[in-house]
1. Which one of Arg222, Arg112, Arg22 has the biggest mean-square fluctuation once the chain is modelled by GNM with Cα springs under 10 Å?
2. What's the angle, to the nearest 10 degrees (0 to 90), between helix 244-266's Cα axis and the longest principal axis of the chain?
3. Give the lysines whose C-alpha is closer than 27 Å to that of Lys68, dropping any in the same chain fewer than 8 places away, or say none.
4. Rounded to two decimal places and with Rh computed the Kirkwood way over Cα pairs, what is Rg over Rh for region 26-133?
5. Probe radius 1.4 Å, ligands and nucleic acids ignored: give me the carbon and sulfur share of the accessible area of the chain as a rounded percent.
6. In whole Å, how far is the Cα centre of region 180-203 from that of region 132-147?
7. Which value, in Å², gives the accessible area per residue of region 172-230 when a 1.4 Å probe is used on the protein heavy atoms?
8. For region 1-145, what does the relative contact order come out to in percent, with C-alpha contacts under 8 Å and a separation of six or more?
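The values are calculated or read from the model by the stated rules, or taken from the named source; none is laboratory data. Because the structure is a prediction, the values reported are computed rather than measured. Glycine gets a Cβ as well: all are built from the backbone with ideal geometry, and neighbour counts include every protein chain shown. For accessibility, only protein heavy atoms count, side chains too; no ligands or nucleic acids. Shrake-Rupley method; radii C 1.70, N 1.55, O 1.52, S 1.80 Å.
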Amino acid sequence: MRISFFGGGNMASAMITGLLARGQATEQIYVVETDAGARERIERELKVTAGQDSTVAAQAELLVLAVKPQQLEALARAISPLLETQLIFSIAAGIPTALLSQWLGGYQRIVRAMPNTPAQIQAGLTGLYATPAVDSYGRAMAETIAAASGDYFWVEHEDAIDAVTALSGSGPAYVFYLIEAMQQAAEQLGFDAQLARRISTETFLGASLLASHSAESAATLRQRVTSKGGTTERAIASLDASGVKRHFIGAIEAAYQRAVELGKTKC
């Protein structure tokens, strides 16, 4: 399968790295990138061809649109005359498939994806939505791209992509926020910055791995750490008294509403 990437930024590079690790041949990947420095980096680090020829790129079976949302309309209109049966795989945040299809001259074979930044180390999570025009082979191609940067899942209705954006798309920032707070607390308790960071990140990593490998709920796992009258109980009581869980859920709902607003604005 030949794959072309329009845009060679961090997310595209992460996907390419994952594809190559899974056996994709370098000669089957082409990257369209307008920045000369970025093209040189891509060819040096990833060993794939990078150029500016959209006509050549459009000959691939799978076209990954990895440009910034504000650049997508111009790109879509430029490649629309070149489309026949290719699958369009868009990772542009906030651009509905109906609008992208309009820019593509009515072309319908589109998968909309919402990856997240851990894709940079092939530990990402990508939400996928396919228009009705995408067949099983098209879905399989989309899964090949998504799996190259981590795990993935499908949603039946495109509106759910807004929720995916608020949860897994923005989710790494929530985790970093909590790690930041824990690291600050560690430093205030006397640890140097390097050890404070190690304690914070390794604790989150270990807890996340335990949760992912356990059949028990997060609530049950938390309760097992929370001994009656112990230190954890005191900490959780402080968090509950401050309404941390309620505010955290509210923050995710705010992110969701913003994702909905952005989608409507683009339309």
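1. Result for the chain, Cα springs under 10 Å: Arg222 fluctuates most.
2. Between the helix axis and the principal axis of the chain, the angle is about 20 degrees.
3. Lys47, Lys264, Lys266
4. 0.95
5. 55
6. Comparing the Cα centres of region 180-203 and region 132-147, I get a distance of 42 Å.
7. 77
8. Relative contact order comes out at 22 percent.
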